[in-house]
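Take a look at the structure set out below.
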Amino acid sequence: MKYTLIVPTGGIGERAGAGLPKQYIKLNGKTILHWTLSKFKDFTDISQLLIPADDNYLDEITNSIPKEFEGRYKITEHGRTRFHSIFNSIKYIAEDTDYVMVHDAVRPFVSINLIETLMEKVKKYDAVVPYLTPTDTIKKIDPELNKAYVQRTLDREFLAAVQTPQIFNKEKFVKSYNYAQINQFRGTDD
């Protein structure tokens, strides 16, 4: 099985307040992007790496790519939103790719075990995402009352805080993105 890994890096990380997108902040001499990509470098089934990115940071990106990805990566045009960045990369997915994996550039603490588990599960389910059950109490706000009224408390047992990497059957992934583009649907994850 062959995987294409897409790691969007177009975010500007305003909340980090570093004056630099957080994926390019250095930790222990390497960028956060480098540490993130390093989690995937030894997976030989990942035959392609696509990085939708801002052209203003090409040096930072190039210097962040582990040598194991040499000859297997392409920097693509980022978009106005995460959706657009991923959509811009779809045309570069290798023909022989079976699965598409999407991971956030600023999530370097993903475990190798989680990646392996997801890569195995996607073969059965066609689409897999990791999640955490929220520990906070979550309220549904009434949108018609300008967020001034709590409608109800949601049962956190049935809620999921979705994480990455997310992995999909390539054909279904591409069809879904094309459908979303045509119908102007914009999700907050893949």
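The values are calculated or read from the model by the stated rules, or taken from the named source; none is laboratory data. Quick caveat, the model's predicted, so the values are computed rather than measured. Please note: Cβ atoms are built from the backbone with ideal geometry, for glycine as well, and neighbour counts cover all protein chains shown. Keep in mind that these areas ignore ligands, DNA and RNA; they rest on the heavy atoms of the full protein, side chains included. Shrake-Rupley method; radii C 1.70, N 1.55, O 1.52, S 1.80 Å.
Brief remarks on what is shown
- Only one entry of Tyr125, Tyr177 meets the criterion of being under 20 Å from Asp190 (Cβ atoms), among the aromatic types (Phe, Trp, Tyr) and at pLDDT 95 or above, and that entry is Tyr125.
- Per-region count, the range 80-93, residues touching a residue at least 12 places away in the same chain (Cβ under 8 Å) and open to solvent by less than 60 Å² (accessible area, probe 1.4 Å): 9
- Subset of the range 132-157 [surrounded by 11 or more Cβ atoms within 10 Å (Cβ to Cβ) and either modelled with pLDDT of 95 or more or within 22 Å of Leu114 (Cα to Cα) (or both)]: Pro134
- The single condition from (1) closer than 15 Å to Thr164 by Cβ; (2) part of a helix (DSSP H, G or I); (3) open to solvent by 30 Å² or more (accessible area, probe 1.4 Å) that Leu37 fails is (3).
- Filtered residue count, the range 49-79, keeping only those that are open to solvent by 30 Å² or more (accessible area, probe 1.4 Å) and out of contact with any Pro (no Cβ under 9 Å at 6 or more places or on another chain): 13
- Annotation: Arg156 fulfils all but one of (1) touching a residue at least 12 places away in the same chain (Cβ under 8 Å); (2) within 18 Å of the chain's Cα centre (by Cα); the unmet one is (2).
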